[in-house]
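As structure tokens, the structure follows; a few thoughts come after it.
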2 protein chains.
Amino acid sequence: MLYIDSISKGIVIDHITPGLGFRIFEYLKLDKSDFTVALIINAPSKKEGRKDVLKIENNIDLDLRVLGVIDPTVTVNIIRDEKIVEKIKISPPESVEDVMKCKNPRCVTSTEKGVIQKFSLLDKEELSYKCDYCDNIYNWEV
Amino acid sequence: MLYIDSISKGIVIDHITPGLGFRIFEYLKLDKSDFTVALIINAPSKKEGRKDVLKIENNIDLDLRVLGVIDPTVTVNIIRDEKIVEKIKISPPESVEDVMKCKNPRCVTSTEKGVIQKFSLLDKEELSYKCDYCDNIYNWEV
């Protein structure tokens, strides 16, 4: 069994759906970080069987809406002095701006410059979003 | 401080040059794995200051020559029953086949089909290799 112990300060993104830890890691560009980061994939979990976990030993800006679009099952723990000082539950945001990109070549966001990408939550279970301009439907893609 | 405890069986790639852990992770396609994997980047190290570490809780095929091309500073520990049963030191291989790809469009490996990519070690410190056919010089690139 592989154990990962506590960090003294920073952020732990826990209960990540297996397979999505790497995508969050990539989205946060953690491969370029100069602080300690641990990505654990398929960690044993009592509740879920398997989970991914991301431990970041630094206080970084974290867009919780984006996390909600990628994987709303996660919990975010804020750590100070080796203790959890805040536990944040994530949920998929009702609407997002400049997070996903519409791929419809005829959408006004493709044909016109400077139009802000806007999406609205369509299905909470499916985690699908529709483009506010052309109604094309998407899931999160890095 | 972030501690990562032992694994019961598998492979630990230790003393990875910071920044290269993610490249080895990518090269081994560990994001697609169905067993536990931990990638720690910028872990504190007594010897090196900082290092990357990769813990793989499974026995996977590991091409040690490729590891030697990416980062010959690593050590590979084979774990069984939570103990290191083998410690392998890596060195850059004198020659490699089908590991890197020559990018010279005029090289015979580019113009002819089915020619095996062959490279020879040029500089051990620089970790540079030259194509056996056209003498173009390369470092490892994923």
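Values for this structure:
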read-out	value
With eigenvalues of the C-alpha gyration tensor scaled by 5 and rooted, chain A, Å	31, 16, 13
Violating pairs (Cα-Cα greater than 27 angstrom) within the set A:Lys32/B:Lys87; B:Lys83/B:Lys118; B:Lys55/B:Lys89; A:Lys29/A:Lys83; A:Lys47/B:Lys9	A:Lys32/B:Lys87; B:Lys83/B:Lys118
Sequence-separation-based contact order of region A:43-105, relative, with Cα cut under 8 Å and 6+ spacing, percent	24
Cα-based reach from B:Lys46 at 15 Å (exclusive), listing aspartates and glutamates while leaving out same-chain residues under 8 positions away	B:Asp14
DSSP beta bridges in chain B [antiparallel fraction, %, rounded to 5]	100
Other copies of B:Ile84: label-to-label distances in nm, shortest first, labels 7 Å along the beta-carbon direction	3.4
Translational diffusion coefficient (Stokes-Einstein; Kirkwood radius from C-alpha pairs) of region B:9-89 at 37 °C, 0.692 mPa s, in µm²/s	259
Residues of type aspartates and glutamates that B:Lys101 reaches as a straight line, Cα spacing below 12 Å, ignoring anything fewer than 8 places off in the same chain	B:Asp132, B:Glu141
Calculated FRET value between B:Asp34 and A:Asp135, using beta carbons and R₀ = 51 Å, to 0.05	0.90
Fraction in percent of alpha-carbon pairs per bin - 10 Å, region A:95-139	32, 55, 12, 1
Whole-number percent relative contact order across chain A, with pairs defined as alpha carbons under 8 Å at least 6 apart	21
Separation of alpha-carbon centers, region A:69-142 and region B:24-67, rounded to whole Å	31
List of region B:34-61 residues, accessible area with partners at least 50 Å² below that of the chain alone (1.4 Å probe)	B:Thr36, B:Leu39, B:Ile41, B:Asn42
Ordering of A:57-70, B:32-45, A:75-88 by packing [mean C-beta count within 10 Å, highest first]	B:32-45, A:57-70, A:75-88
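The values are calculated or read from the model by the stated rules, or taken from the named source; none is laboratory data. The structure presented is a predicted model; accordingly, all values stated were derived computationally and were not measured. Neighbour counts run over all protein chains shown; Cβ positions are idealised from the backbone, glycine included. For accessibility, only protein heavy atoms count, side chains too; no ligands or nucleic acids. Shrake-Rupley method; radii C 1.70, N 1.55, O 1.52, S 1.80 Å.
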